[in-house]
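The values are calculated or read from the model by the stated rules, or taken from the named source; none is laboratory data. Note that this is a predicted model, so its numbers are computed, not measured. Because the Cβ atoms are built from the backbone with ideal geometry, glycine has one as well, and the counts that use them run over all protein chains shown.
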Amino acid sequence: MRLRNNPKANDILAAHDDMVVIDGVQYKNQWHKLFGNNHPIYIEIGMGKGDFIIENASRYPEINFIGIEKFPSVMVGAVKKIDIQDNHLPNLKLLKADAISLRDVFEKGEVNRIYLNFSDPWPKKRHTKRRLTSPAFLEVFQDILVLDGELILKTDNRSLFEYSLVSFQNFGLYFEDVCLDLHHSEGYEDNIQTEYERKFSPFGPIYQIKTRLKGDK
């Protein structure tokens, strides 16, 4: 699906610098100062319109959340959603960044949990390296996660799910939980849905993998 460009997107983001971070490099190893506390940091890579990260920040004020998105036109959707709700969330920041560059934004061990929700599956074999669960990205995630930090994947794409299982295993991640049908299994009632998830879950199962970084970094 082609992304619709919003020519005013950058201006809208700049006008919301209380919640939006355009240059995350300046906050490397300084995110706790920006939030004004030492709470754990959870990030969502590819936050879309922000439903998931906004709801998490509302439910868990004791956690600092950062929603990451590389497309300004997409980020605007999250900004408008927060404005409409008039929801003051001091524990939420929205960051414009590309996943592969997160070493420039976060110090080693600065992040406690990473969410990958319905990432682009890049189904063609020649595009394997672009998948967020490929080794190149896992190396980045390993660097910014604390030891014992979590990486959680949700997807409705069976091929990406299977690929990720193998990729996580080969990378040495510890599996905490693997769910083959998140919406029809017991014990997942606290699942927070993304906008994509609500739209497409009626057409097939939602898969989830919870992993943890173990051992020497």
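Data for the structure
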quantity	calculated
Pairs with Cβ under 6 Å, 6+ apart, first in the range 14-41 and farther than 17 Å from LYS108 by Cβ, second modelled with pLDDT of 95 or more and among the charged types (D, E, K, R)	VAL21/LYS93; ILE22/LYS96; HIS39/GLU62
Candidate set from the range 132-167 (those that are of a type in the set (S, T, N, Q) and either without any contact (Cβ under 8 Å) to a residue 60 or more places away in the chain or not assigned by TED's automatic domain parsing to the domain that holds HIS183 (or both)); member that is farthest from ILE66 (Cα to Cα)	SER159
Restricting the range 66-81 to residues that are of a type in the set (Val, Ile, Thr) and touching a helix residue (DSSP H, G or I) at 6+ places or on another chain (Cβ under 8 Å), the residue that is surrounded by the most Cβ atoms within 10 Å (Cβ to Cβ)	ILE66
Of the criteria (1) aliphatic (A, V, I, L, M); (2) within 13 Å of ASN112 (Cβ to Cβ); (3) touching a helix residue (DSSP H, G or I) at 6+ places or on another chain (Cβ under 7 Å), which one ILE63 fails	(3)
Among residues of the range 170-198, those that are surrounded by 12 or more Cβ atoms within 10 Å (Cβ to Cβ), without any contact (Cβ under 8 Å) to a residue 24 or more places away in the chain and assigned to a helix (DSSP H, G or I), counted	1
Test: residue in the range 37-48 that is touching a His at 6+ places or on another chain (Cβ under 6 Å), modelled with pLDDT of 95 or more and either under 12 Å from LYS96 (Cβ atoms) or assigned to a loop (DSSP other than H, G, I, E, B) (or both)	yes
Residue that is surrounded by the most Cβ atoms within 10 Å (Cβ to Cβ), among those in the range 82-116 that are in a helix (DSSP H, G or I) and at pLDDT below 90	ILE82
Which listed residue is at pLDDT 95 or above and out of contact with any Gly (no Cβ under 6 Å at 6 or more places or on another chain), from ASN64, ASN10	ASN64
